[in-house]
Every structure is written in C-alpha cells, then in structure tokens.
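Written below as structure tokens is the structure these notes are about.
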Amino acid sequence: MGTAQFIHNAALRMRGYAERLLKDVPDHMYARKPTWGLGGKEIDTNHPAWVFGHLALYPQRIVKMLGGSVEPPPAAFEPLFKNGAPCLDDPRGTVYPSMAAINAEFFRQTDAALAALAKATDKQLEAPTPDETARKHFPTVGEMCLFMLNNHVAMHLGQISAWRRCMGLPPA
C-alpha cells in the first residue's frame with residue numbers, strides 16, 4: 001500500500017464522520033451559535049455552516065497539486081469562509097448559503113480530492129509543496145494532502161461535535 005492510500009483511507013474516514021455529524025442537524029440550527037445562561041449569552045464557536053463552507057475551500061488546492069482540476073467553490077464562499085473570516089450567528093438565514101448548498105459543495109470538493117488522491121503516485125506526493133508559505137510547514141505535497149484532508153478536517157469536525165452538544169443534539 002502506497003502513501004496515497006494511507007492518506008486516502010484516513011480522509012475517507014473523515015468524510016464519513018462529516019456525514020454522521022450532519023445527519024440530524026435541522027436547517028434552522030445549521031448557521032446558529034449556541035447560547036448559555038438565563039440571558040442567552042452567545043457562545044463564540046464555529047457552527048456547521050461556517051465549518052463546512054470553510055472546509056469546502058481547500059480540496060480544490062489538493063486536486064490542483066495532484067495535477068487534476070475541479071470547478072472551484074462559488075465565488076461567494078471565499079469571503080464568507082476563508083481563514084480568518086468570522087463565524088456569524090445567522091438566525092434569519094441571510095448571511096450564509098443554504099445548508100444544502102454548503103454541504104453539497106463540501107462533499108463535491110472532498111470527493112474530487114479523494115479521487116485525485118486515489119490516483120496519486122509517490123513521486124507526486126514527494127514533490128515540494130508549490131505554495132512557498134505552506135511549504136514552511138508542509139514541505140511535500142504528501143504532507144500538505146495529509147494535513148488538509150485529515151488533520152484540518154478533524155480539527156474542524158471536532159468543533160461541530162462540541163457544537164452539537166451545546167445545541168442539545170446527541171453525539172454523532
């Protein structure tokens with residue numbers, strides 16, 4: 001089994017976990033922040049709309065590094081979900097795209113990256129990461145793929161797991 005298969009298998013598990021975390025989230029809660037106490041103080045945490053929109057931005061970079069192509073997410077995703085963009089409570093559903101649109105984009109992008117990774121060679125994965133800034137942390141394409149499709153996803157899915165508990169949903 002090659003390096004690509006190891007990364008692919010773990011990323012596939014993250015994809016399955018994402019599905020489980022979403023299975024019983026109602027539309028009206030998807031872009032809401034939890035509150036606590038009698039005054040309803042907002043808990044500053046990322047909700048599923050922001051997390052899945054954010055995670056939809058990165059798989060296209062993996063596909064490109066592996067020599068493939070995929071249509072990028074809608075242009076509106078970048079300002080809403082880029083690194084450093086605030087996660088806003090959206091009680092009226094006017095800030096973020098719909099739950100269906102965000103989830104569809106996340107899974108479309110993730111599946112494209114998984115498909116590209118399934119065909120990747122060790123030579124491709126051993127190549128230097130093209131982005132100079134990212135190369136400081138992830139010297140090779142393989143290291144970048146591993147982080148972006150597993151560690152980064154797991155970190156944000158953990159936020160959704162905690163958000164679920166705050167919103168009164170059961171563990172996934």
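The numbers here are math on the coordinates, done by the rules we state, and not lab data. These numbers come from a predicted model, not from an experiment. Cβ placement follows ideal geometry from the backbone for every residue including glycine, while neighbour counts extend to all protein chains displayed.
Selection of the stretch 58-79 for residues being in contact with a helix residue (DSSP H, G or I) (Cβ under 6 Å, 6 or more places away or on another chain) and closer than 28 Å to residue 35 by Cβ yields only 77. Among the residues examined, residue 147 does not qualify as of a type in the set (Phe, Trp, Tyr) and farther than 17 Å from residue 109 by Cβ.
The set of residues from the stretch 163-172 being surrounded by 17 or more Cβ atoms within 10 Å (Cβ to Cβ) and either under 11 Å from the mean Cα position of the chain (by Cα) or among the basic types (Lys, Arg) (or both) comprises just one member, 164.
Taking the criterion of being among the hydroxyl-bearing types (Ser, Thr, Tyr), touching a residue at least 12 places away in the same chain (Cβ under 8 Å) and either surrounded by 15 or more Cβ atoms within 10 Å (Cβ to Cβ) or assigned to a helix (DSSP H, G or I) (or both), the residues of the stretch 109-162 that qualify are 110, 129, 140, 161. Total residues in the stretch 89-108 satisfying the condition of being in contact (Cβ under 8 Å) with a residue 24 or more places away in the chain and in a loop (DSSP other than H, G, I, E, B): the figure is 8. Of everything listed in (1) closer than 27 Å to residue 165 by Cα; (2) free of Cβ contacts under 8 Å to residues at least 60 places away in the same chain, the single unmet condition for residue 23 is (2).
Residue-by-condition table, conditions (1) exposed (fewer than 12 other Cβ atoms within 10 Å of the Cβ); (2) hydrophobic (A, V, I, L, M, F, W, C); (3) within 29 Å of residue 123 (Cβ to Cβ):
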| site | (1), (2), (3) |
| --- | --- |
| 11 | no, yes, yes |
| 17 | no, no, no |
| 30 | no, no, no |
| 37 | yes, no, no |
| 83 | yes, no, no |
